[in-house]
1. Would you mind checking the pairs LYS72/LYS128; LYS189/LYS249; LYS45/LYS67; LYS54/LYS189; LYS67/LYS249 and listing those with alpha carbons more than 26 angstrom apart?
2. Could you list ARG32, ARG61 so that the one with the fewest beta carbons within 10 Å of its beta carbon is first and the one with the most is last?
3. Restricting to Cα pairs below 8 Å that are 6+ residues apart, what does the relative contact order work out to for segment 134-191? Please round to a whole percent.
4. For the chain, what is the convex hull volume of its Cα atoms per residue in Å³?
5. By Kyte-Doolittle mean hydropathy of at least 1.6 and Cα axial length of at least 20 Å, which whole DSSP H helices of the chain are selected?
6. Under 13 Å from a label point 7 Å along Cα→Cβ of GLN222: give me every residue in segment 244-268 with its amide N that close.
7. Could you compute the FRET efficiency for ASN10 and ILE130, with r as their C-beta to C-beta distance and R0 at 51 Å, rounded to 0.05?
8. Just add up the charged neighbours of LYS162: K/R +1, D/E -1, any other residue whose Cβ is under 15 Å from the Cβ of LYS162.
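Taken together, the values in this text are just the output of simple stated rules run on the coordinates, not laboratory data. Owing to the predicted nature of the structure, the values given are computational and were not obtained by experimental measurement. Heads up, the Cβs are rebuilt from the backbone with ideal geometry, glycines too, and the neighbour counts pull from every protein chain shown.
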Amino acid sequence: MAECLFCSSNGLFSTVEHIIPESLGNDDLLLRDTVCDSCQNYFGKEVEQFVLAKTPLAFWRTFLGIKTKKGKNPAVNLSQPKIDKGVFPSVHPAHDNMEFIYHDDGSLSFGTEDLELEKKIVSGEKEKLILVSTPKILYMLGRFFCKVGIELIYSYNPELAKSGVFEKARRYARFGEFNGLWPLFHFSKGEPSDFREYREDELGLIENVHCYSYHLFLCIEQYWLFLFSMGTDNWIISLNDPFPNPIIKEAFPNNKLNLIWYTQNEFK
Ligand SMILES: [Zn+2]
């Protein structure tokens with residue numbers, strides 16, 4: 001009898017799990033009889049919906065023009081909530097409440113509900129938009145990366161993915177259980193324009209959009225690292241050990257990694 005990877009229940013398993021959400025363009029990385037309907041439902045509503053609406057991944061999805069499941073152009077509203085609630089702060093005063101909309105011609109327009117901000121942009125007082133990744137955003141991204149990383153491990157080694165090695169990451173992904181925020185490393189690479197390529201053939205102009213990429217590595221035979229890249233953002237998470245050992249940075253000698261790490265005490 002099948003046992004759910006995340007909650008150990010015996011199912012139902014009536015739907016197929018997309019390791020990376022369908023709305024980021026994934027239609028071939030799938031798991032069957034592995035993640036129960038109730039966990040799939042939970043991840044969809046509580047983790048992925050937020051990640052695809054409020055995080056840098058949501059921005060890149062719009063910027064890169066990855067169409068919705070219904071074939072519509074993407075749009076994103078990165079406004080923060082008016083008041084903070086929950087354990088992890090979701091409001092930062094330096095953040096600019098912006099919306100972005102992708103158009104058929106490949107352009108991106110932006111707007112804001114914040115009249116003060118609009119005035120500053122129009123007058124030229126504000127030249128650069130600031131989008132802050134709050135602890136709430138980092139918390140949800142970390143849970144999302146743990147989910148995707150563990151499911152990828154499962155796809156080639158089910159026993160390893162189910163083993164005690166990844167127990168903490170499974171529980172962080174599914175139940176949000178952890179003291180503080182699971183550390184993330186981040187680096188930026190390239191220019192936004194690098195992710196769209198144009199070439200011509202006899203039928204006309206072809207546009208290639210690079211949506212996302214991922215890698216799993218075993219670093220110094222000790223840290224299972226999952227790297228997820230979208231646009232110029234690259235995120236790395238250690239799936240089996242949430243201690244951010246500086247040695248992890250050495251696995252990426254050509255990139256300047258920033259460690260983002262909050263302990264539980266910072267949220268009291
Ligand atoms: Zn389950």
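1. LYS72/LYS128; LYS67/LYS249
2. Going from least to most buried by this count: ARG32, ARG61.
3. It comes to 42 percent, rounded to a whole number.
4. Numbers: hull volume 45.0 nm³, N = 268.
Taking the convex hull of the Cα positions in the chain, it is 168 Å³ per residue.
5. none
6. Those under the cut-off are 244-251.
7. 0.60
8. With Lys, Arg at +1 and Asp, Glu at -1, the neighbours total -1.
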